[in-house]
Amino acid sequence: MRAGALQGEGRRIPMNLFDDVAHKVNAALGALAEEGVLPAAVDTANVKVEPPRDEAHGEVSTNAAMVLAKQAKMPPCELAEKIAEKLRADADLTDVAVAGPGFINMRLAQPFWNRLLSAVLALGDAYGCSDMGGGEKVNVEYVSANPTGPLHVGHTRGAVFGDALANLLEETGFDVTREYYINDAGAQVQALARSVYLRYCEALGLKIEKIPEGLYPGEYLKPLGQALVMEHHYALLKMEEEQWLPIVRDFAIDMMMVMIRDDLAALGITHEVFFSERTLHESGAIEETIREMEQQGLIYTGQLPPPKGKPPEDWEPRDQLLFRSTDFGDDIDRPLKKSDGSYTYFAADVAYIREKLRRGHMQLVYVLGADHGGYVKRLQAANAALSGGKARLIARLCQLVKLYRGGEPVKMSKRAGEFITMREVVDEVGADVVRFMMLTRSNDAPLDFDFEKVKEQSRDNPVFYVQYAHARIASVFRNAAQELPENLLQADDDSIRWELLEDAAEHTLMRRVGEYPRMLAAAARAHEPHRVAFYLMDLAGDFHALWNKGKENPQLRFILPDDPERTQARLGLLRAVRQVLRNGLRILGVAPVEEM
RNA sequence: GGCCCCGUAGCUCAGCUGGAUAGAGCAACGGACUUCUAAUCCGUCGGUCGGAGGUUCGAAUCCUCCCGGGGUCGCCA
């Protein structure tokens, strides 16, 4: 049997009940292989153990028989029966049955659930965490906005996504570095410097005309002009541009980065590394990279064909220094130098990839806007060439966020430098709301963000819905502290009689709690933090449903003064639910609230 | 024209990398409050999964070709 092929046979995820069952299934298959029912070298790579969609099919289900039928040279149902026979011997499993085209459905015996719920309480914040990543070094680069202006809504989604993804990977056992690439080389920061210089002149009382085309007209640069006056007085006025430009540029970049970091902090985002593009130029890293690539035959001088479809009017063939990215899956080879001899942005990026690889990162994650989709293949080509195919480069593209206010689109004029900043959004609705809302869609689906709707306290608002579940649980515990004797509240977790959780809605909630580690692992593998948000909405929904059953049937209330043992079991379940809500929200970077 | 993403209920979207009769919310309709917070819950209605082929025990999911929407396309970052 191929070792580690079956899910759950590699790294075990603590208290992932599906992993535990997978382990049992694998043992059963091993036994059948020994008996000669299955070939000794059976390939179990496609065998899965998962929750069935329909509760009627049990709590756990496996497709083992259907996947292995061909290898066993036996009809699926017949093989399923043989596997089921082995599984029935396990005391943790009940109702083992063959169904449909050959699924094996089963339920988990009470001791199994007892262990799970006790473990959730014992593990606390660690429930759901795993060592799946095995400490692999992952670099997550996100935001990386040009230091030429404040962060706007467009950056917000990538910022939240990247941060939540980093949290997710961290909690699933990866060694994560959060990184921000500062584009502080090139024409844009020169334009920034000239814009700030104009504001400096303005602050000195000189009359400035309209900010010229190509420069940054935003009001936000005025304080920088004033600050320059405080520091340099009239000195910069007497200088030639080539003298003042580096001074003003460096000053402006520093100031903008202070502002950007401050805005990110307001959203609860901190990067461990801020990496400057300019250092790649100044340290000679780009030259070194190109030299190395030349030695490996990855670079040549040649001409590119004109773009198909609509050839640009000023097109003329030109010899260029090109990276053979087509050898690594790209559509066209990519230039590393501009016609003036300076390096392209891409050349710096290649050197940057080399730098990240040198630091030992095996996974390079790029969180980008959807408009950078065309850039991904060349990044991946560069990574493949430089890492020898050993490291992975994963790009996640975030689609646009459309702003609304009460159903009406919010108008923005980019040309006039008017845009809604990230800070404005955070200040108006709060960091928690922004963060949660940004993750209520898959990253590659466009997102509508309505200022009014996200402040509503209703079912429509997923942030509220999840927070409300947490607050209601907190409220139960406040009441319990009033109504129940102290010895009941302080009882030992190990003495909880979990089997007293008998209602179907309690079981639904219990199962959902049990799914959390599996969901987390899958979300991390897919680099999809939005799954955590969707899971939390489902968990909250299950909880609200149980809550309401207690209204219709007083016997289902959480606190039953006449039945201390059942009360204890129900409060135990609520503690487990509260714990999972907290753990999930922590990954999203959202604080749970105690009351609303 | 090339490449990338999307197309699932009237609307907004999930769908756990191939599983069983495709799911939520909103909207529409009908119910549940002397409350452990009704800021919630329950039920009903609603889908040729853009279209056509293919792969196999099995496809919304994988492959090919179309249709429609968005992004992007040598020296900007």
Subject >> Estimated dipole of chain A in Debye, rounded to 20 [Cβ of Lys and Arg +1, of Asp and Glu -1, Cα centre] >> reply: 740 debye
Original post:
Which of the GluC sites (Glu not before Pro) across region A:273-331 are loop residues per DSSP, with 14 or fewer other Cβ within 10 Å?
Top reply: A:GLU313
**OP:** Looking at chain A, send over the antiparallel percent of its DSSP beta bridges, to the nearest 5.
**Re:** 45 percent
Subject >> Candidate residues A:TRP547, A:TRP244: accessible-area rank, largest first, probe 1.4 Å >> reply: A:TRP547, A:TRP244
**OP:** Report the residues of region A:216-234 in range of a label on A:ASP250: point 7 Å along Cα→C-beta, backbone N strictly under 17 Å from it.
**Re:** A:228-229, A:231-233
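If DNA, RNA and ligands are ignored and the probe is 1.4 Å, what is the ranking of A:ARG318, A:ARG396 by accessible area, most exposed first?
If we order A:ARG318, A:ARG396 from most to least accessible, we get A:ARG318, A:ARG396.
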Subject >> By accessible area with a 1.4 Å probe, ligands and nucleic acids excluded, highest first: order of A:SER325, A:SER342, A:SER283 >> reply: A:SER283, A:SER342, A:SER325
**OP:** Enter the accessible area per residue of region A:462-588 (Å², integer; probe 1.4 Å; all protein chains in place).
**Re:** 40 Å²
**OP:** Would you mind counting up the charge near A:LEU204? Only other residues with Cβ under 14 Å from its Cβ, with Lys and Arg at +1 and Asp and Glu at -1.
**Re:** +2
Original post:
Whose amide H sits under 5 Å from the amide H of A:ILE182, counting only residues 5 or more places off or on another chain, with H placed in the peptide plane?
Top reply: A:PHE275, A:SER276, A:GLU277
**OP:** Working from the alpha-carbon coordinates of region A:17-108, get Rg over Rh, Rh being the Kirkwood radius.
**Re:** 0.93
**OP:** Could you pull the Cα extents of chain A along its three principal axes, largest to smallest, in whole Å?
**Re:** 87, 63, 40
Original post:
For region A:258-396, what percent of Cα pairs sit more than 18 Å apart?
Top reply: 62 percent
**OP:** Give the value in nm², to one decimal: projected area of the alpha carbon convex hull of region A:217-306, averaged over all directions.
**Re:** 11.1 nm²
**OP:** Taking amide H positions as placed in the peptide plane 1.01 Å from N, state which residues far from A:ASP175 in sequence (5 or more) or on other chains have amide H under 5 Å from it.
**Re:** A:GLY135, A:GLU136, A:LYS137, A:VAL138
Original post:
Mean projection of the alpha-carbon convex hull of region A:462-588 over all orientations, in nm²?
Top reply: 7.8 nm²
Subject >> Long pairs among A:LYS411/A:LYS453; A:LYS337/A:LYS390; A:LYS222/A:LYS402, criterion Cα-Cα beyond 21 Å >> reply: A:LYS337/A:LYS390; A:LYS222/A:LYS402
**OP:** Run the numbers on chain A and let me know its relative contact order in percent, using alpha-carbon pairs under 8 Å that are six or more apart.
**Re:** 14 percent
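Eight or more residues apart or on different chains, and alpha-carbon atoms under 18 Å: count the Lys pairs in region A:26-154 matching that.
Count of close lysine pairs: 5.
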**OP:** Counting helices only, and only those DSSP H runs with n ≥ 4, report the 222 nm mean residue ellipticity of chain A as the sum of -39,500 (n - 2.57) divided by its residues, in deg cm²/dmol to the nearest 500.
**Re:** -15500 deg cm²/dmol
**OP:** Quick one: which residues, 5+ away or cross-chain, put their amide H under 5 Å from the amide H of A:GLY369? H built at 1.01 Å from N.
**Re:** A:CYS398
Subject >> FRET efficiency for A:VAL273 and A:LYS338, using Cβ-Cβ distance with R0 set to 30 Å, rounded to 0.05 >> reply: 0.60
Original post:
At a probe radius of 1.4 Å, what is the per-residue accessible area of A:GLU355, in Å² to the nearest 10?
Top reply: 50 Å²
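The values are calculated or read from the model by the stated rules, or taken from the named source; none is laboratory data. Fair warning: this is a prediction, and the values are worked out from it, not measured in the lab. As a convention, Cβ positions derive from the backbone with ideal geometry for all residues, glycine included, and neighbour counts pool all protein chains shown. With ligands, DNA and RNA removed, areas are computed over all heavy atoms of the protein, side chains included. Shrake-Rupley method; radii C 1.70, N 1.55, O 1.52, S 1.80 Å.
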